[in-house]
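Down below is the structure, laid out as structure tokens.
The values are calculated or read from the model by the stated rules, or taken from the named source; none is laboratory data. Everything numeric in this text was worked out from a predicted model, so none of it was measured. With ideal geometry, Cβ positions are generated from the backbone for all residues, glycine too; neighbour counts draw on all protein chains shown. Areas reflect the complete protein model, heavy atoms only, side chains present, ligands, DNA and RNA absent. Shrake-Rupley method; radii C 1.70, N 1.55, O 1.52, S 1.80 Å.
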Amino acid sequence: MEDDEFEEDEGIQDEDEEIEEGVSPIVSAVEFQVIAPDQIRDKQEEIKAQVADVLGLPPDLCQMLLIQFQWNKELLLEKFMDNPEKVQAEAGVIVAPPPPLPAKFECDICCCEFRRADGIALNCGHLFCRECVRGHLENAVSQGPTCISTPCPHSGCPAKYPEPIFASVLGTGKFLEKYNEFLRHSFVEGSHDMKWCPAPGCSFACISTGGGTACKCRCGHLFCFRCAAEAHAPATCDMVEKWTMKCNDEREDLTWITGNTKQCPKCHIPIEKNQGCNHMTCSRCRHEFCWMCRGPWTEHGSETGGYYKCNKYDPKKHDDPYAVDAKNQLTYYVHYFERYTGHQQSQKFASGQLKKAQEKMVELQSRPGYDSQRAAFILQAVEQVIECRRVLKWTYVFGYYLKDGPEKNLFEFLQRDLERTTEHLSELSEAPVEQIDRMELVNYSTATRKFLHNLMVGIENGLSR
Amino acid sequence: MPRGKKRTQPEEVPERKRRTTRRTKRAIEEDEAEEEAPEEPFVPPTRPMVDHRPLPVLSPVAQRRLMKELESLVKNPVEFATIDAKDDNLARMIANLTGPAGTIYAGEHFVLQFTFPATYPIDSPEVVFLPPHVPMHKHIYSVGHICLSSLYDQWSPTLGIRGVLLSIISMLASSPRKERPADDADYARECTLNPKDTSWAFHDDRC
């Protein structure tokens, strides 16, 4: 079975070459504008007005044209200049006023007589009673997003209902709300510089105003504007996609075992990591070891400098059952994958710590000399840990696709610095209030931030000294 | 215009996921039971599937509209079609069709069943041929379902019974040869009683 997996992994070298040696920019909040649903409306009106200005048509008809072109203003204007009749016909827009309407009419849907004033007609001149139009539009809205281009009920008539008719006929209710939501979605999804925040339940949209990719929504979610995954600097979208595919390809059991459990090096009981720090204590034999390399914890720590070799893939030193062949691609992958999932779990754990940090802050504030500002360092430290865990996680994807050479050495050096301080900060921040030393935590937060900056800037500068 | 039913590429989607039409739980269970049994050769149904669904209760608008439509059809009948409606419940009607003269179906007898939803004519009627009186046509499945866009997402509230009859007759008149849709056997296994449950796709705008 292992042999199969080894063969599957021989393709790695080829995959690597396809990765562009691009550089991912670091997080920058300045390059994005986060907007609420009602502000999306304003943006929409702006574009409508611009098109109306150029084409000299009523804005509501321009909206129909824009919907037809998925809000691509440039394409619409270009095609309109080429062949205005065709564009209008396709969008169901009739510019000419309707033919004279009769004073009384029979609605073709309900077969009742009405006065003209009780009917609704588009410029095509097909009169229907208000009640039937309402039924028609409500039915269209319940059919889904296509309702934003609902045609006249008359069989074969191309005319489509513009927004004001929806607003006046549907009144205020869930149908109009739904219609407006579909309209907003068509606008945001059609606009190249706009994206919905991918966080579940978040209704904000983000507008890109620069070239950055890491976008922080007002809801707190940090995502990549290009691929909508979690912000993944320094790894590129390309790397993330390949990495995700690779992880999905690997056998599920391998993924789960290497990602979630390790045997205690002493008593061999399988251990599932459910805490943030790499310092493990076996619950059965009390053996202390490092989660990453499974070496004894006594050999680790800043005094010995031993543990911090753990980020570096050393082909000579692997006593894992998988490390039979040092050159083996699977081992190479597992090395990065283990560290990737390690930081991923620690990130999750640290996120869970946020609430505890707030409780600790409250506790601290009850002591003399601490106000809310002075106690905030605890929360800041946890936030710093979360950010570093997230970046460290993606550095292992970046590192996986980085070829050996002086760049990789420098990268691993910077990564090691960040990992060392993050690990320490993580442990400090999880300590109970009475053991927290404010100065130590503040200093470590600052140092960690500096190492994070060094790593990102180093990668941005192409990892040359 | 008549159109073909969308066929999912089996190599793209695993077998289980392919069945994505809106269906009742029972239908899916029946399917799974069927999957376990060895596949039997497809035999076209020779009598109507038993339909236990209760008939819709028509709204006053729907009733008035259907009465008007029937009046108009009596006054000005559609050639090759007669409507058989029962006064006590307009929600279901039967139309007897004769293959139009001068076409490959000339003289043949077909039976169409209309079931009108409570919200008719805002919503389209359910229109099926009743086996075994189903024309051999590229866009008509042997279970009686008709792939005709104006019965589904291209429905217009002004079409009515007359519009549907005319579309179906013209669909028959323009058919060059008698054949079933390519996926007829698969469809018969997958579909529900209501053709509106199927996601129809449009790739054939010709005939």
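A:T421 - would you say it is assigned by TED's automatic domain parsing to the domain that holds A:M280, among the polar types (S, T, N, Q), closer than 17 Å to A:E230 by Cβ and surrounded by 15 or more Cβ atoms within 10 Å (Cβ to Cβ)? So A:T421 does not fit the description; no.
Taking the stretch A:138-177 as the search range and keeping residues that are among the polar types (S, T, N, Q) and under 22 Å from A:C107 (Cβ atoms), which one is least open to solvent (accessible area, probe 1.4 Å)?
Just the residues of the stretch A:138-177 that are among the polar types (S, T, N, Q), to begin with: A:139, A:142-143, A:146, A:149-150, A:155, A:168, A:172.
Then drop every residue that is not under 22 Å from A:C107 (Cβ atoms), which leaves A:139, A:142-143, A:150, A:155, A:168.
Working: A:N139: 33, A:S142: 81, A:Q143: 124, A:T150: 6, A:S155: 50, A:S168: 66 Å².
Looking at the filtered set, the residue picked out is A:T150.
When B:A182, B:A106, B:A118 are screened for being more than 14 Å from every other protein chain (Cβ to nearest Cβ), surrounded by fewer than 16 Cβ atoms within 10 Å (Cβ to Cβ) and either within 21 Å of B:S59 (Cα to Cα) or free of Cβ contacts under 8 Å to residues at least 24 places away in the same chain (or both), only B:A106 passes. One residue stands out among those in the stretch A:93-137 that are in a strand (DSSP E or B) and open to solvent by 50 Å² or more (accessible area, probe 1.4 Å): the one that is farthest from the other protein chains (Cβ to nearest Cβ), which is A:R115.
Run down B:L58, B:L73 and say which single residue is within 14 Å of another protein chain (Cβ to nearest Cβ) and assigned to a loop (DSSP other than H, G, I, E, B).
Details: B:L73 fails: assigned to a loop (DSSP other than H, G, I, E, B).
B:L58 is the lone residue from the list that is within 14 Å of another protein chain (Cβ to nearest Cβ) and assigned to a loop (DSSP other than H, G, I, E, B).
Filtering A:C157, A:C147 for residues that are part of a helix (DSSP H, G or I), within 14 Å of chain B (Cβ to nearest Cβ) and at pLDDT 90 or above leaves a single hit, A:C147.
Could you check the stretch B:66-98 and list, in sequence order, the residues that are closer than 21 Å to B:P54 by Cβ and open to solvent by less than 80 Å² (accessible area, probe 1.4 Å)? B:L66, B:D84, B:A85, B:N89, B:L90, B:A91, B:R92, B:M93, B:I94, listed by residue number. Here is the figure for the stretch B:47-106: residues that are at pLDDT below 90, small (G, A, S) and within 16 Å of B:V127 (Cβ to Cβ) total 1.
Taking the conditions exactly as written (more than 12 Å from B:I161 (Cα to Cα) and touching a Leu at 6+ places or on another chain (Cβ under 9 Å)), does B:A95 satisfy them or not? Against the criterion (more than 12 Å from B:I161 (Cα to Cα) and touching a Leu at 6+ places or on another chain (Cβ under 9 Å)), B:A95 does not qualify.
For the stretch A:213-235, indicate whether the set of residues that are modelled with pLDDT of 75 or more, of a type in the set (D, E) and within 18 Å of A:R390 (Cα to Cα) is non-empty. Show your work before the answer.
Taking the stretch A:213-235 first, the residues modelled with pLDDT of 75 or more are A:213-235.
Remaining after also requiring of a type in the set (D, E): A:230.
Pick out the ones that are also within 18 Å of A:R390 (Cα to Cα) and you get A:230.
Looking for residues that are modelled with pLDDT of 75 or more, of a type in the set (D, E) and within 18 Å of A:R390 (Cα to Cα), one finds at least one in the stretch A:213-235, hence yes.
Contact annotation: residue pairs with Cβ atoms under 6 Å, 6 or more positions apart or on different chains, pairing a residue in the stretch A:67-94 that is closer than 17 Å to A:D53 by Cα with a partner that is outside any helix (DSSP H, G or I) and open to solvent by less than 40 Å² (accessible area, probe 1.4 Å), are A:W71/A:S191; A:L75/A:F69; A:L76/A:F69. Filtering the stretch A:401-430 to residues that are acidic (D, E), over 26 Å from the mean Cα position of the chain (by Cα) and part of a helix (DSSP H, G or I) leaves A:E407, A:E412, A:D417, A:E427.
Per-residue answers, yes or no, for (1) open to solvent by 30 Å² or more (accessible area, probe 1.4 Å); (2) charged (D, E, K, R):
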residue	(1), (2)
A:Q358	yes, no
A:A376	no, no
A:K393	no, yes
A:G399	no, no
A:P406	yes, no
A:Q415	no, no
A:E427	yes, yes
A:A431	no, no
A:I436	yes, no
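For beta carbons closer than 8 Å, sequence separation of 6+ or different chains, a first residue in the stretch A:127-138 that is closer than 15 Å to B:A62 by Cβ and a second that is aromatic (F, W, Y) and open to solvent by less than 20 Å² (accessible area, probe 1.4 Å), the qualifying pairs are A:H136/A:F128. Does A:R41 fit the bill of being open to solvent by 50 Å² or more (accessible area, probe 1.4 Å), touching a residue at least 40 places away in the same chain (Cβ under 8 Å) and more than 14 Å from every other protein chain (Cβ to nearest Cβ)? Spelling it out, A:R41 is indeed open to solvent by 50 Å² or more (accessible area, probe 1.4 Å), touching a residue at least 40 places away in the same chain (Cβ under 8 Å) and more than 14 Å from every other protein chain (Cβ to nearest Cβ). Inspect all residues belonging to the stretch A:431-439 and state whether any of them is among the aliphatic types (A, V, I, L, M), more than 28 Å from the chain's Cα centre (by Cα) and not in a loop (DSSP other than H, G, I, E, B). Looking for residues that are among the aliphatic types (A, V, I, L, M), more than 28 Å from the chain's Cα centre (by Cα) and not in a loop (DSSP other than H, G, I, E, B), one finds at least one in the stretch A:431-439, hence yes. Within the stretch A:187-208, the residues that satisfy the criterion of being within 18 Å of A:L65 (Cα to Cα) and open to solvent by less than 30 Å² (accessible area, probe 1.4 Å) are A:F187, A:V188, A:G190, A:S191. Might you check whether a residue that is among the acidic types (D, E), assigned to a helix (DSSP H, G or I) and either at pLDDT 90 or above or not assigned by TED's automatic domain parsing to the domain that holds A:S445 (or both) occurs anywhere in the stretch A:387-398? Within the stretch A:387-398, one or more residues are among the acidic types (D, E), assigned to a helix (DSSP H, G or I) and either at pLDDT 90 or above or not assigned by TED's automatic domain parsing to the domain that holds A:S445 (or both).
Yes/no matrix, rows are residues, columns are (1) out of contact with any Pro (no Cβ under 7 Å at 6 or more places or on another chain); (2) under 30 Å from A:G119 (Cα atoms):
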{"site": "A:R184", "(1), (2)": "no, yes"}
{"site": "A:V188", "(1), (2)": "yes, no"}
{"site": "A:C202", "(1), (2)": "yes, no"}
{"site": "A:T213", "(1), (2)": "no, no"}
{"site": "A:F223", "(1), (2)": "no, no"}
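Scanning the stretch B:128-141 for residues that are within 20 Å of B:H52 (Cα to Cα) and surrounded by fewer than 24 Cβ atoms within 10 Å (Cβ to Cβ), which turns out farthest from the other protein chains (Cβ to nearest Cβ)? Out of the qualifying residues, it is B:P132. Within the stretch B:191-200, the set of residues being assigned to a helix (DSSP H, G or I) and open to solvent by less than 30 Å² (accessible area, probe 1.4 Å) comprises just one member, B:P195. A single entry from B:S156, B:S124 fulfils the requirement of being more than 12 Å from the chain's Cα centre (by Cα), within 13 Å of chain A (Cβ to nearest Cβ) and polar (S, T, N, Q): B:S156. Considering the stretch A:209-228, the residues that are more than 22 Å from A:T244 (Cβ to Cβ) and free of Cβ contacts under 8 Å to residues at least 60 places away in the same chain include one that is most open to solvent (accessible area, probe 1.4 Å), namely A:C219. Within the stretch B:162-179, being touching a Ser or Thr at 6+ places or on another chain (Cβ under 8 Å), under 30 Å from A:I109 (Cβ atoms) and open to solvent by less than 20 Å² (accessible area, probe 1.4 Å) holds for B:G163, B:V164, B:L172.
Which of (1) more than 14 Å from chain B (Cβ to nearest Cβ); (2) outside any loop (DSSP other than H, G, I, E, B) does A:T172 not meet, given it meets every other one? Checking A:T172 against (1) more than 14 Å from chain B (Cβ to nearest Cβ); (2) outside any loop (DSSP other than H, G, I, E, B), the one that fails is (2).
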